[in-house]
Amino acid sequence: MTELISDELPTTRQNPFDPPAEVTRIREQARISRLKFADGHLGWLVTGHHQVREILGSPKFTNDPGKHHMLDVRFQGEAPAEKRKVEPGMFLSQDPPDHTRLRKMLQGQFTVRRMNQLSEWIGTIVDDQLKHLRSFDGKADLVKEFALPVPSLVICAILGVDYDERHRFQEDTAKLLNLESTFKEAMDAMARIQEFMRELIVRKKANPGDDMISDLLATGEPTDEEASNMALLLLLAGHETTANMLGIGTFTLLQHPDQLKILRDEPEVVDNAVEELMRYLSIIHFGPVRTATEDVEIEGHLIRAGDTVLMHVPTANRDPEKFPGNPEELDLRRPASGHVAFGHGIHQCLGQQLARIEMRIGFSKLFQEFPDLRLDVDPEEVPLRTDMGIYGVHSLPVAWSA
């Protein structure tokens, strides 16, 4: 089989809501192709929906950073002194049985039933933040005043983190996710966040509260270090991803007035609208990355043990084999279930139901409260997060009739 080889991963977006056109062209030619990484080693680029699901669901691939190449996609041109080891509690980077043990400790906290019970409370947080937004004189930055605070307030309350200390993790999270950060800068930011979480664990053990971290510690199952890193993952994932979906999702709807009208006129469509926005936007900039732990053949391609595999979720979620009927278009009525924006397999997003509720309530109430919401700058002036691992908008200047 003649294999398509890309010398580098295309990352330039021609449209703020679409993946790079070159990656789409690659998918149209071959859903599995070769990709040359920054250190020169030849791995794989996977752009097809079915193929991404197969790899994410296979136990023959690992997310253990110690088994990845020392240079993968992000830290181009600078090799860390040694391969990173998986730290206790970092279940996102662990394989079974450690992953199974740690995730099981948290699964009961994130059931659909339990998350639905939080809907009224989340609605109150959204209402309060909309009142705050209304206090501005007809214009504001939606990211700063709404999209970021809502999920941050929610996850801080759930975990028992003091929201007034958010500067201690939000600034370092931004540094950690910035694709222009050096390896040292990113690791220093991670170290500061870990120190913050270790201090929190000490406080929770001395003075437990009605929160998820206190409940986790009360079981006696995780070590302090495991609990600290488990909470860290939940904190980072719980505010960064949903905040960016609320920001760029609003930008998207404002630029698609026909779809925004559907959301306003047909409130029953909101659940599917959230799925379609997740599919259409797929805010992971590129990735995730896996390493084959043994030889695997997928559709005639032999992926050898040790090979790096980069999956491109934004492009996979536009695959017409999975989503027929012009998947390049936003259609809030499209049956959008089955997308891989939340991942797939054992590492599928643990907090996905919480994120869905926040988006469902956030988008619905935002456009009910501000029916004439509009951009306050030209669309081309909206600063995009092309420099970040999690895509979105850095800010979203909006206006309304005061």
**Asked** When you go through (1) crowded, with 20+ Cβ neighbours inside 10 Å; (2) within 13 Å of A355 (Cα to Cα) one by one for T111, which number turns out not to apply?
**Response** (1)
**Request:** Please identify the pairs in which a residue from the range 215-226 that is over 17 Å from G160 (Cβ atoms) has its Cβ atom under 9 Å from the Cβ atom of a residue that is modelled with pLDDT of 90 or more and of a type in the set (A, V, I, L, M), counting only partners at least 6 apart or on another chain.
**Result:** E221/A227; E225/I201
**Asked** If you go through the range 95-108 one residue at a time, how many are open to solvent by less than 70 Å² (accessible area, probe 1.4 Å) and at pLDDT below 85?
**Response** 1
**Message:** Quick check on my filter: what residues within the range 345-389 are under 21 Å from the mean Cα position of the chain (by Cα), crowded, with 18+ Cβ neighbours inside 10 Å and not in a helix (DSSP H, G or I)?
**Reply:** L350, G351, V382, R385, M388, G389
**Message:** I'm checking my understanding of the structure. Among residues of the range 114-136 that are open to solvent by 60 Å² or more (accessible area, probe 1.4 Å) and of a type in the set (A, V, I, L, M, F, W, C), which one is farthest from D271 (Cα to Cα)?
**Reply:** F136
**Request:** Return only the number of the condition from (1) more than 15 Å from G343 (Cβ to Cβ); (2) open to solvent by less than 30 Å² (accessible area, probe 1.4 Å) that G300 does not satisfy.
**Result:** (2)
**Request:** Within the range 263-276, work out how many residues are among the aliphatic types (A, V, I, L, M) and either under 22 Å from the mean Cα position of the chain (by Cα) or open to solvent by less than 10 Å² (accessible area, probe 1.4 Å) (or both).
**Result:** 3
**Residue in the range 227-244 that is among the small types (G, A, S), modelled with pLDDT of 90 or more and open to solvent by 30 Å² or more (accessible area, probe 1.4 Å) present** = no
**Request:** Could you please find all residues in the range 80-134 being under 22 Å from A157 (Cβ atoms) and in a loop (DSSP other than H, G, I, E, B)?
**Result:** G89, T111, L118
**Message:** Being over 20 Å from Q348 (Cβ atoms), assigned to a helix (DSSP H, G or I), open to solvent by 20 Å² or more (accessible area, probe 1.4 Å) and hydrophobic (A, V, I, L, M, F, W, C) is true for just one of L260, L254. Which residue is that?
**Reply:** L254
**Search result, residues across the range 12-35 that are farther than 15 Å from F286 by Cβ and basic (K, R)** = R25, R31, R34
**Message:** Looking at R198, R192 in this structure, which one is part of a helix (DSSP H, G or I), open to solvent by 20 Å² or more (accessible area, probe 1.4 Å), modelled with pLDDT of 90 or more and over 23 Å from R103 (Cβ atoms)?
**Reply:** R192
**Prompt:** Counting just the residues of the range 144-183 that are of a type in the set (S, T, Y) and touching a helix residue (DSSP H, G or I) at 6+ places or on another chain (Cβ under 8 Å), which one comes out nearest to N244 (Cα to Cα)?
**Reply:** S152
**Count - residues of the range 54-74 that are within 21 Å of the chain's Cα centre (by Cα), at pLDDT below 70 and not acidic (D, E)** = 3
**Asked** If only one of K175, K139 is over 23 Å from I201 (Cβ atoms) and open to solvent by 20 Å² or more (accessible area, probe 1.4 Å), which one is it?
**Response** K139
**Asked** Name the residues in the range 151-172 that are assigned to a loop (DSSP other than H, G, I, E, B) and surrounded by fewer than 18 Cβ atoms within 10 Å (Cβ to Cβ), would you?
**Response** D162
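The values are calculated or read from the model by the stated rules, or taken from the named source; none is laboratory data. Not measured: the values here are computed from a predicted model. Please note: Cβ atoms are built from the backbone with ideal geometry, for glycine as well, and neighbour counts cover all protein chains shown. With ligands, DNA and RNA removed, areas are computed over all heavy atoms of the protein, side chains included. Shrake-Rupley method; radii C 1.70, N 1.55, O 1.52, S 1.80 Å.
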